[in-house]
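Asker: Here's a structure for you.
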Amino acid sequence: MSLPSHVRLIDVGPRDGLQNEKQMVPTAVKVALVQRLQAAGLKEIEVTSFVSPKWVPQMADNAQVMAGLVRQAGVRYSVLTPNLQGFQAALASAPDEIVVFGAASEAFSQKNINCSMAQSIERFAPVVAAALAAGIGVRGAMSCTVGSPYEGEIAPERVSTLAGLMKSIGVQRVDVADTIGVGTPLKVQRALDAALKHFDLDHVSGHFHDTYGQALANTLAALQLGVWNFQSSVAGLGGCPYAKGATGNVATEDVVYMLHGMGIDTGIDLDQLMDAGQFISQFLGRDTASRVAKALLTQRCA
Ligand code: HMG
Ligand code: MG
C-alpha cells in the first residue's frame, strides 16, 4: 500500500462552514478567520460564495470579505459561483479559482440551486468558459455522491455521469462530496473511482462531512486510492442549508493530526490552526467540533 507523501488541504470553513450559521458573522471576523488560516499554512481557502443573498444571507458580504483579505503569495482563494450572475459579481474580487457546484442527486440539485442536473450543466458551461478565458481556475463540486437527503443511496454511475459532464464543459478538477456524511469507506472509494474515470488523481478531491463520524475513515480510504487533495473545515464548522441535519466537514485539525501521525506532510502548523479554530469557535460561542483540538486544548490548559 503506497500512500501519498504530501496532502493539500482546502479549508472551506469560511464558506461551507459559516454559510450555515444563523447568527450573522461580521465581515471583519470572516476576514480575520481567513488571515489566521493562511498564517497556519493553508495554501487553499474557500472564502465565500456569490449566490443569492435571499437563499444564503450569511454570504451576502462576499465582495466585502474578498476586498478585506490581505493576500499572501502562493495562496489560492476560491469562491462559489452558481451562474453567470454570480461569476460576473465575483470577477471584481479577482478569485484565483471559481467553483461551480452540481449534484449527483436530481432532487438535491433542485433544492440547492433550483434547477435540474442537466440545466445546471447548461448554466455552468458559460461560467466555466468565461473563467478559463479570464485565466481563473475552475473546480466543480459534486454533492451527494454517496447519499442524498431526498433520494437515499446514490449509485456510482451517477457520479461518473456528472463527472463526465463536468469534464465536457472544461471543469479542471472535481470534489467528490459526501454532503450529508452518510458514506462509509468502500462506498466512498466507489464514488471516487467513478470520478477517476474522467479526472486523474491530481484532479479529484475528497470533501467529507462528518455527520455519522465516518469522515476520517473515508479520508484514509481515499488516501489508499492515491487521492491527495481534500477539503475540510477548521473547527469542523458547517453544513449545507439544503441538507437538513448534516453537520460540518471533517475538522481540518483532525485531518492534519491524522496525516502528520502517518508521516504525511501538509505544510500546516497544527498549533496555529488550532488558534484559528479557537478564534472562530469563541466568536460563535461554542466548543470546537474538532476532537483533536479539544484534546490538545485540554493539554494546553494543564
Ligand atoms: P433562482 O431563483 O433560480 O435564480 O436561484 P434566478 O436566476 O431565477 O434569479 C432569481 C433572483 O435571484 C433574482 O433576484 C436574481 O437577481 C437573483 P430578484 O430579481 O428576485 O431580486 N440571483 C442572484 N443574486 C446574487 N447572486 C447570484 C444570483 N443568481 C440569481 N449568483 C441560485 C438560483 C443558484 C442563485 C439560488 O438557487 C441560490 O443562490 N442557491 C444557493 C445555493 C447555495 O449557496 N448552496 C450552498 C452551497 S453548496 C454546498 O454547500 C455543497 C458543497 O459544500 C459540497 C457538498 O458538501 O456537497 C459545495
Ligand atoms: Mg459541503
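Asker: Please work out the Cα center distance from region 94-126 to region 259-289, rounded to the nearest Å.
Answerer: Taking the Cα centre of each part, region 94-126 and region 259-289 sit 30 Å apart.
Asker: Another one. Modelled label-to-label distance, GLU153 and LYS294, 7 Å Cα→beta-carbon offset: nm?
Answerer: Placing both labels 7 Å beyond Cα along the Cβ direction yields 3.1 nm.
Asker: A further question on this structure: Over region 88-233, with the other protein chains present, what is the accessible area per residue in square angstrom, probe 1.4 angstrom? If you can, show how the numbers build up before the last one.
Answerer: Details: 5190 Å² over 146 residues.
Averaged over the residues of region 88-233, the accessible area is 36 Å².
Asker: Amide H to amide H, which residues 5 or more places from THR179 or on other chains are under 5 Å from it, using H placed in the peptide plane?
Answerer: Under 5 Å from the amide H of THR179 lie the amide H atoms of CYS144, THR145, VAL146, GLY147, each far enough along the sequence or on another chain.
Asker: Please list, ordered by chain and number, the residues whose modelled amide H lies under 5 Å from the amide H of ILE10; skip anything fewer than 5 residues away on the same chain.
Answerer: PHE230, GLN231, SER232
Asker: Full-extension gain between SER116 and ASP96, please, as 0.36 nm times their residue separation minus the C-alpha to C-alpha distance. All intermediate terms of the calculation are to be shown ahead of the outcome.
Answerer: Details: separation 20, 0.36 × 20 = 7.20 nm, distance 2.77 nm.
Gain in length upon complete extension: 4.4 nm.
Asker: Over the chain, with every protein chain in place, what whole percent of the accessible area is carbon and sulfur at 1.4 Å, could you tell me?
Answerer: On the way: 6420 of 11810 Å².
C and S atoms contribute 54 percent here.
Asker: Could I ask something else about it? Once a ≥ b ≥ c are taken as the square roots of the eigenvalues of the Cα gyration tensor of region 147-270, is the result rounded (a/c under 1.5), prolate (a/b larger than b/c) or oblate (a/b not larger than b/c)? Show your work: numbers first, answer last.
Answerer: Numbers: a/c = 1.75, a/b = 1.19, b/c = 1.46.
Since a/c reaches 1.5 but b/c is at least a/b, the shape of region 147-270 is classed as oblate.
Asker: Taking 2.2 N^0.38 Å as the expected size of a compact globular protein, what ratio does the Cα radius of gyration of region 18-85 give against it, to two decimals?
Answerer: Values: Rg = 12.0 Å, N = 68, 2.2 N^0.38 = 10.9 Å.
Compared with the compact-globule rule of thumb, region 18-85 sits at 1.10.
Asker: Excluding residues on the same chain fewer than 8 positions from LYS197, give the lysines whose Cα lies under 26 Å from its Cα.
Answerer: LYS167, LYS187
Asker: From the backbone phi of region 137-151, what are the Karplus-calculated ³J(HN,Hα) couplings (6.51 cos²θ - 1.76 cosθ + 1.60, θ = phi - 60°) in whole Hz, Gly and Pro given as x?
Answerer: x, 9, 10, x, 8, 10, 7, 6, 7, 10, x, 10, x, 10, 10
Asker: Working from the alpha-carbon coordinates of region 8-301, get Rg over Rh, Rh being the Kirkwood radius.
Answerer: Working: Rg = 17.3 Å, Rh = 18.6 Å.
Rg/Rh: 0.93.
Asker: Give me the percent of Cα-Cα pairs in region 1-157 that sit more than 20 Å apart, rounded to a whole number. Let's see the in-between values first.
Answerer: Working: 6445 of 12246 pairs.
For region 1-157, the fraction of Cα-Cα distances above 20 Å is 53 percent.
Asker: Still on this structure: Please compute the contact order of the chain in relative form: average sequence separation of alpha-carbon pairs under 8 Å and at least six residues apart, divided by the residue count, as a percent. Numbers along the way, then the final one.
Answerer: Working: 662 pairs, mean separation 61.3, N = 302.
For the chain, the relative contact order is 20 percent.
Asker: Let me ask another. Roughly how many Å is it from the Cα centre of region 210-233 to that of region 48-82, as a whole number?
Answerer: First find each Cα centre; the distance between them is then 25 Å.
Asker: Excluding residues fewer than 8 places away in the same chain, name every one of the aspartates and glutamates whose C-alpha is closer than 20 Å to that of LYS43.
Answerer: Those aspartates and glutamates meeting the cut-off are ASP11, ASP16, ASP96, GLU97, ASP175, ASP202, GLU253, ASP254, ASP265, ASP269, ASP271, ASP275.
Asker: How far is it, in nm, from the label point at ARG76 to the one at ASP287 when both lie 7 Å from their Cα along the line to the Cβ?
Answerer: It works out to 3.6 nm between the two label points.
Asker: Strictly over 18 Å apart at the Cα level, which of LYS22/LYS54; LYS111/LYS244; LYS244/LYS294 would you flag in this model? Can you show the working numbers first?
Answerer: Numbers: LYS22/LYS54 14 Å; LYS111/LYS244 11 Å; LYS244/LYS294 26 Å.
Listed pairs above 18 Å: LYS244/LYS294.
Asker: For GLY170, which sequence-distant residues (separation of 5 or more, or a different chain) have an amide H within less than 5 Å of its own amide H, given hydrogens modelled in the peptide plane?
Answerer: Close amide H contacts, sequence-distant or interchain: none at all.
Asker: While we're looking at this one, here's another question. Could you tell me how many cubic angstrom of Cα convex hull volume region 215-284 has per residue? Intermediate values should be presented prior to the final figure.
Answerer: On the way: hull volume 6.7 nm³, N = 70.
Hull volume over Cα atoms, normalised by residue count, gives 96 Å³.
Asker: Would you compute, from DSSP H runs of 4+ residues alone, the mean residue ellipticity of the chain at 222 nm, taking -39500 (n - 2.57) per run and dividing by the full residue count, rounded to the nearest 500? Numbers along the way, then the final one.
Answerer: Numbers: 11 runs with 124 residues, N = 302.
The helix-only estimate for the chain comes to -12500 deg cm²/dmol at 222 nm.
Asker: Expressed as a rounded percentage, what relative contact order does region 216-280 have, with Cα pairs under 8 Å and six or more residues apart? Could you put the intermediate results ahead of the total?
Answerer: Working: 58 pairs, mean separation 18.1, N = 65.
Worked out over region 216-280, it gives 28 percent.
The values are calculated or read from the model by the stated rules, or taken from the named source; none is laboratory data. Note that this is a predicted model, so its numbers are computed, not measured. Quick reminder, even Gly has a Cβ in these numbers, built from the backbone with ideal geometry, and neighbours come from all protein chains shown. With ligands, DNA and RNA removed, areas are computed over all heavy atoms of the protein, side chains included. Shrake-Rupley method; radii C 1.70, N 1.55, O 1.52, S 1.80 Å.
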